[in-house]
1. Testing residue 50 on (1) of a type outside the set (S, T, N, Q); (2) open to solvent by 40 Å² or more (accessible area, probe 1.4 Å); (3) more than 15 Å from residue 95 (Cα to Cα), one condition comes back false. Which one is that?
2. Scan (1) closer than 22 Å to residue 123 by Cβ; (2) open to solvent by 70 Å² or more (accessible area, probe 1.4 Å); (3) more than 16 Å from the chain's Cα centre (by Cα) for the single condition residue 9 breaks and write down its number.
3. If you go through the stretch 9-27, how many residues are closer than 15 Å to residue 45 by Cα and free of Cβ contacts under 8 Å to residues at least 24 places away in the same chain?
4. Does residue 64 satisfy the criteria of being within 22 Å of residue 137 (Cα to Cα) and either buried (at least 17 other Cβ atoms within 10 Å of the Cβ) or among the small types (Gly, Ala, Ser) (or both)?
5. Given the criterion open to solvent by 30 Å² or more (accessible area, probe 1.4 Å) and in contact with a Leu (Cβ under 8 Å, 6 or more places away or on another chain), identify the matching residue among 115, 120.
6. Those residues that are at pLDDT 90 or above, touching a Phe, Trp or Tyr at 6+ places or on another chain (Cβ under 9 Å) and open to solvent by 30 Å² or more (accessible area, probe 1.4 Å), I need them from the stretch 85-109; list them, please.
7. Kindly indicate whether any position in the stretch 76-83 is open to solvent by 80 Å² or more (accessible area, probe 1.4 Å) and hydroxyl-bearing (Ser, Thr, Tyr).
8. Taking the stretch 139-148 as the search range and keeping residues that are open to solvent by 50 Å² or more (accessible area, probe 1.4 Å) and either free of Cβ contacts under 8 Å to residues at least 40 places away in the same chain or acidic (Asp, Glu) (or both), which one is nearest to residue 61 (Cα to Cα)?
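The values are calculated or read from the model by the stated rules, or taken from the named source; none is laboratory data. Since this is a predicted model, take the numbers as computed values, not measurements. Heads up, the Cβs are rebuilt from the backbone with ideal geometry, glycines too, and the neighbour counts pull from every protein chain shown. For the accessible areas, the whole protein counts, side chains as well, though only heavy atoms, and no ligand, DNA or RNA atoms are used. Shrake-Rupley method; radii C 1.70, N 1.55, O 1.52, S 1.80 Å.
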Amino acid sequence: MKPRPYQQASIDALDLHLRTKKTNPCVVLPTGAGKSPVIAWALQRWKAGYPQLRAIILAHRTELVEQNAAEMEGISGEKVGIYAASAGRRDTDTAITYASIDSVAKRHGEFPPCDIIIVDEAHRIPAKGEGKYRTFIAAMLKYNPNMR
């Protein structure tokens with residue numbers, strides 16, 4: 001499976017942003033455009049260049065966590081972790097972990113430092129205030145201030 005042109009353009013734009021800017025990017029794709037494979041291809045590319053990469057991908061529903069993890073395993077062939085109480089899994093020892101924000105929000109101490117956090121459905125992060133996503137990300141930044 002190869003990225004469609006618009007998916008490849010998204011991955012390339014994401015890479016360019018991460019290489020040239022210090023801010024955190026946001027990739028917007030419509031429903032059905034293949035966000036899960038875009039995340040998987042981006043992670044696969046980054047791991048090829050930096051094998052020790054550690055990433056956490058957050059989602060608000062267990063179905064998304066499981067779907068995204070399966071997509072990554074299918075594309076990369078690499079075993080990934082799942083951290084979601086409703087899935088009965090709390091993996092923390094894999095380089096790439098797909099997690100439910102409800103399960104990890106107050107459990108940042110269970111994870112080793114990571115390099116990247118990706119939020120699927122980032123519009124769920126409140127613009128102001130704290131909330132689960134902001135609290136978890138802020139706590140993980142204490143372990144690695146260079147995390148993106």
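1. With (1) of a type outside the set (S, T, N, Q); (2) open to solvent by 40 Å² or more (accessible area, probe 1.4 Å); (3) more than 15 Å from residue 95 (Cα to Cα) applied to residue 50, the lone miss is (3).
2. Residue 9 satisfies all of (1) closer than 22 Å to residue 123 by Cβ; (2) open to solvent by 70 Å² or more (accessible area, probe 1.4 Å); (3) more than 16 Å from the chain's Cα centre (by Cα) except (2).
3. To start, the set of residues in the stretch 9-27 that are closer than 15 Å to residue 45 by Cα comprises 9-19.
Subset that is free of Cβ contacts under 8 Å to residues at least 24 places away in the same chain: 9, 12-13, 16-17, 19.
Adding up the residues that qualify gives 6.
4. Values: within 22 Å of residue 137 (Cα to Cα): yes; either buried (at least 17 other Cβ atoms within 10 Å of the Cβ) or among the small types (Gly, Ala, Ser) (or both): yes.
Here the answer is yes, as residue 64 does meet what is asked.
5. Numbers: 120 fails: open to solvent by 30 Å² or more (accessible area, probe 1.4 Å).
Residue meeting the stated conditions: 115.
6. Listed by number, the residues that qualify are 89, 90, 91, 92.
7. If we filter the stretch 76-83 for residues that are open to solvent by 80 Å² or more (accessible area, probe 1.4 Å), which is where we start, we get 79.
Pick out the ones that are also hydroxyl-bearing (Ser, Thr, Tyr) and you get none.
For the stretch 76-83, residues open to solvent by 80 Å² or more (accessible area, probe 1.4 Å) and hydroxyl-bearing (Ser, Thr, Tyr): absent.
8. Going through the stretch 139-148, the residues open to solvent by 50 Å² or more (accessible area, probe 1.4 Å) turn out to be 141-143, 145-146, 148.
Retained after the next criterion (residues that are either free of Cβ contacts under 8 Å to residues at least 40 places away in the same chain or acidic (Asp, Glu) (or both)): 141-143, 145-146.
Values: 141: 23, 142: 26, 143: 26, 145: 27, 146: 27 Å.
Applying the filter and picking the extreme gives 141.
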